[in-house]
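Following: one structure in structure tokens, then a few remarks.
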Amino acid sequence: MRPQRETEQITDLSRLKAFTNPLRMQLYRLLYAAGTATASQLAEQVDQAPSLVSYHLRKLAEHGFVAEASGQSTDGRERWWQVASEKGWGFRDADFTGTPEGIAAVGSVLRGLLDNRSAQYRAYLDQSAAWGEEWTDAAFSSEWLMSLTLAELAEMSDELSAVTRRWRERGKAAREAGDTEGREHVSVHLYGFPFRP
């Protein structure tokens, strides 16, 4: 049995289906990166009406993914939001693939994640010259083709998760200590999946 991951594991189909809407996934990602934001601030980033963004934030809140951020409002009129848990969320396909509705939801969420990640990487490529040589030299994109067993693939997944958690915690601790000089948000996408040529 694989070790328990640190992220919250979604096992309820209605919660998973909250992320079948691509805008909700995008809003969650932006809010996670920002820490806190208002619907109006997020609406500017996704080019949508604040009322629509507010609706989707409330839906995410109903499912426990986001919550109101207390102490942020200066006038009490605008709601500030934050993700409910910095640890994020995840799910196991096997928890949902017993029904056609579950299979459809898993496929929709995974395709939405891929679309969001691809869009984010394309935006980086379009803007890479603006980051400067040091950042572009530090950035990476790699693909390795391996011959692994199911158990080896699972073990590699666990090792990579441990590495990324360690670096995420290091960055978080540095920010909390006030070490923000030269520190940027960095997105790391790792995929490992079987295929047959």
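Data overview
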{"item": "Mean ellipticity per residue at 222 nm, deg cm²/dmol - from DSSP H runs of n ≥ 4 across the chain, formula -39500 (n - 2.57)", "result": "-17000 deg cm²/dmol"}
{"item": "Residues residue 72 and residue 128, FRET efficiency given R0 of 41 Å [Cβ-Cβ distance, rounded to 0.05]", "result": "0.80"}
{"item": "Whole-Å distance, taken between Cα centres, linking the range 170-197 and the range 52-116", "result": "20 Å"}
{"item": "Heavy-atom accessible area per residue - the range 1-102, 1.4 Å, Å²", "result": "58 Å²"}
{"item": "Percent of C-alpha pairs per 5 Å bin, the range 122-197, short to long", "result": "3, 10, 18, 17, 17, 16, 10, 6, 2, 0"}
{"item": "Length added when fully stretched, residue 61-residue 138, from 0.36 nm per residue minus Cα-Cα", "result": "24.1 nm"}
{"item": "Shape box of the range 104-150 [Cα atoms, principal axes, largest first, Å]", "result": "40, 29, 10"}
{"item": "Pairwise label distance in nanometres, residue 20 with residue 174, each label 7 Å out on the Cα-Cβ vector", "result": "4.1 nm"}
{"item": "Dipole of the chain, positive direction: furthest Cα of 161, 18, 173, with charges on the beta-carbon", "result": "18"}
{"item": "Percent of Cα-Cα distances greater than 27 Å, calculated over the chain", "result": "39 percent"}
{"item": "Globularity ratio of the range 44-156, using Cα Rg and 2.2 N^0.38 Å", "result": "1.47"}
{"item": "P(r) tail fraction, the range 5-82 - alpha-carbon pairs more than 16 Å apart, %", "result": "48 percent"}
{"item": "Residues of type lysines that residue 17 reaches as a straight line, Cα spacing below 28 Å, ignoring anything fewer than 8 places off in the same chain", "result": "59, 87"}
{"item": "Mean Cβ neighbour count within 10 Å, used as a protection proxy, ranking 186-197, 10-21 highest first", "result": "10-21, 186-197"}
{"item": "In the range 45-85, GluC sites (Glu not before Pro) in a DSSP loop with at most 15 other beta-carbon atoms within 10 Å", "result": "78"}
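The values are calculated or read from the model by the stated rules, or taken from the named source; none is laboratory data. The structure displayed is predicted, hence computed values, not measured ones. Virtual Cβ from ideal backbone geometry, glycine too; neighbours counted across all protein chains shown. SASA here: full protein model, heavy atoms, side chains in, ligands and nucleic acids out. Shrake-Rupley method; radii C 1.70, N 1.55, O 1.52, S 1.80 Å.
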